[in-house]
Amino acid sequence: MARRFDQSPPRVFVTRRLPEATERRMGELFDVTLTGAEERLERSALIAAVADCDVLVPTVTDNIDAGVIEAAGERMKLIANYGAGVNHIDLKAARARNIVVTNTPGVLTEDTADMTMALIVAVPRRLAEGEKLVRSGGWKGWSPGAMLGHRIGGKALGIVGMGRIGRAVAARARAFGLSIHYHNRNRLPAVLEAQLGAQWHESLDAMLAAIDILTIHTPLNADSENLIDRRRIGLLRPHVHVINASRGGIVDEDALVEALEDGRLAGAGLDVWKYEPEINPRLLALPNVVLTPHMGSATHEGREATGDKVIANIRVWADGHRPPDQVLEGWL
Ligand SMILES: NC(=O)C1=CN([C@@H]2O[C@H](COP(=O)(O)OP(=O)(O)OC[C@H]3O[C@@H](n4cnc5c(N)ncnc54)[C@H](O)[C@@H]3O)[C@@H](O)[C@H]2O)C=CC1
Ligand SMILES: O=CC(=O)O
């Protein structure tokens, strides 16, 4: 394939501050505009940017909808997302304009699985409540009946979405003594199921009715939007804890809050939100939830590795080849 940029490097627009090493390397390789922004760009700034660059590097909080894609200039042919999830990008609109989309899978799998496992332990063991009690000065000392939570060893974990992160969570949860149940669009090969000790449930509903802890790891797509809806929340037993470190839109947040308030669910650990960074105030009032600010993949190491992936995708594409992490509609 012919190199796309023989005479001059591609013009790359980056919407947010990225790790120093990533920005430095981008400066060496590309004709790059670094906004250094710590907050989401205004839509008008995004539209101005796509009119005059070859490559857009958004993050998972930028809304790259059909309108933004329509505003793209003729030269813009790659959206190299800094992050794994691409639900904020209109893939159909991108394809219609022959714009390639890439993401950064794999490099944030272990970090996100660690954070998920932390929530799986923190919620039933009331970690946040205990921490608050100590800080408030209200702790009166150890007592046999104080701060009792629920053991996680021996319980059944249900994983919805058994891809990279789901499998990394399964491996961790197994070491904590949980039995692993999963529902995924496709069943895993038998050898992988055996390695993870994971039991497949073709029926999501049947799995929901049989587990003690639910954790969600599908991407947000047309099939998974509101997948854990009011009816399915109703299938969960009252002692169940719900963990979501994938995307807020997969769970009916109102129905979840109501179930938590009414005691129809035991607790929740949430890293992602339907209207980030806005948080439903009713959730803030609940003691039985652990709330984190979309920090599943937030490690120094992971952020740099994500930057390396973005750069690799841009370079391979600029060389005229198919980038390694090209996102194909319908795959996610
Ligand atoms: N909280 C955080 O900071 C982070 C969140 N994420 C989220 O985690 C998601 C998953 O990431 P990976 O595991 O790397 O993706 P992946 O593509 O490796 O795995 C996703 C799995 O979900 C399955 N799936 C898709 N739609 C489904 C549906 N409707 N029903 C059942 N299964 C379905 C797929 O078949 C696949 O096995 C990302 O798309 C992103 O939204 C990713 C990184 C960090
Ligand atoms: O939520 C983070 C991502 O990379 O996706």
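Calculate one ³J(HN,Hα) per residue across the stretch 71-78 by plugging θ = phi - 60° into the Karplus curve 6.51 cos²θ - 1.76 cosθ + 1.60, and present them in order as whole Hz with x for glycine and proline.
7, 5, x, 4, 7, 6, 10, 9
When the Karplus curve 6.51 cos²θ - 1.76 cosθ + 1.60 is applied with θ = phi - 60°, which whole-Hz ³J(HN,Hα) does each residue of the stretch 45-58 get, with x for Gly and Pro?
In residue order, the calculated couplings are 5, 5, 5, 5, 5, 6, 5, 9, 9, 8, 9, 9, 10, x Hz.
With all protein chains present, calculate the accessible area of Ser136 using a 1.4 Å probe and round the result to the nearest 10 Å².
Around 90 Å² of this residue is reachable by solvent.
At 1.4 Å probe size, with no ligands or nucleic acids counted, give the accessible surface of Thr33 in Å², nearest ten.
70
Give me the percent of accessible area attributable to carbon and sulfur for the stretch 109-291, probe 1.4 angstrom.
C and S atoms contribute 55 percent here.
Might you tell me the accessible area per residue for the chain, computed with a 1.4 Å probe and given in Å²?
Accessible area per residue, the chain: 49 Å².
Using the beta-carbon distance between Arg230 and Arg135 and R0 = 35 Å, what value does 1/(1 + (r/R0)^6) give for FRET efficiency, to the nearest 0.05?
Efficiency for this residue pair is about 0.50.
How would Arg40, Arg11, Arg135 rank on accessible area, largest to smallest, probe 1.4 Å?
The ordering from most to least exposed comes out as Arg135, Arg40, Arg11.
If you take every DSSP beta bridge whose two residues both sit in the chain, what share of them, in percent to the nearest 5, is antiparallel?
5
How far, in degrees from 0 to 90, does helix 300-318 lean away from the longest principal axis of the Cα atoms of the chain, to the nearest 10?
Orientation of helix 300-318: about 30 degrees from the principal axis.
Gaussian network model of the chain, Cα springs within a sub-10 Å range: biggest mean-square fluctuation belongs to which of Val32, Val310, Val169?
Looking only at Val32, Val310, Val169, the largest GNM fluctuation is found for Val32.
Run the 1.4 Å probe and let me know the accessible area of Lys132, rounded to the nearest 10 Å².
Near enough 130 Å² of accessible area.
Which is the longest run of the chain containing none of the GluC sites (Glu not before Pro) found in DSSP loop states (not H, G, I, E, B) with at most 10 other C-beta atoms within 10 Å?
75-201
Return the whole-Å distance between the Cα centroid of the stretch 72-115 and the Cα centroid of the stretch 148-201.
After rounding, the separation between the Cα centres reads 27 Å.
Which of Leu127, Gly263, Gln195 sits farthest toward the positive end of the charge dipole of the chain, with +1 on the Cβ of Lys and Arg and -1 on the Cβ of Asp and Glu?
My answer, from the dipole projection, is Gln195.
What angle, in degrees between 0 and 90 and rounded to the nearest 10, separates the Cα long axis of helix 20-29 from the longest principal axis of the Cα atoms of the chain?
20
The values are calculated or read from the model by the stated rules, or taken from the named source; none is laboratory data. All figures in this text were calculated on a predicted structure; none of them were measured in a lab. Please note: Cβ atoms are built from the backbone with ideal geometry, for glycine as well, and neighbour counts cover all protein chains shown. Accessible surface areas use protein heavy atoms only, side chains included; no ligands, DNA or RNA. Shrake-Rupley method; radii C 1.70, N 1.55, O 1.52, S 1.80 Å.
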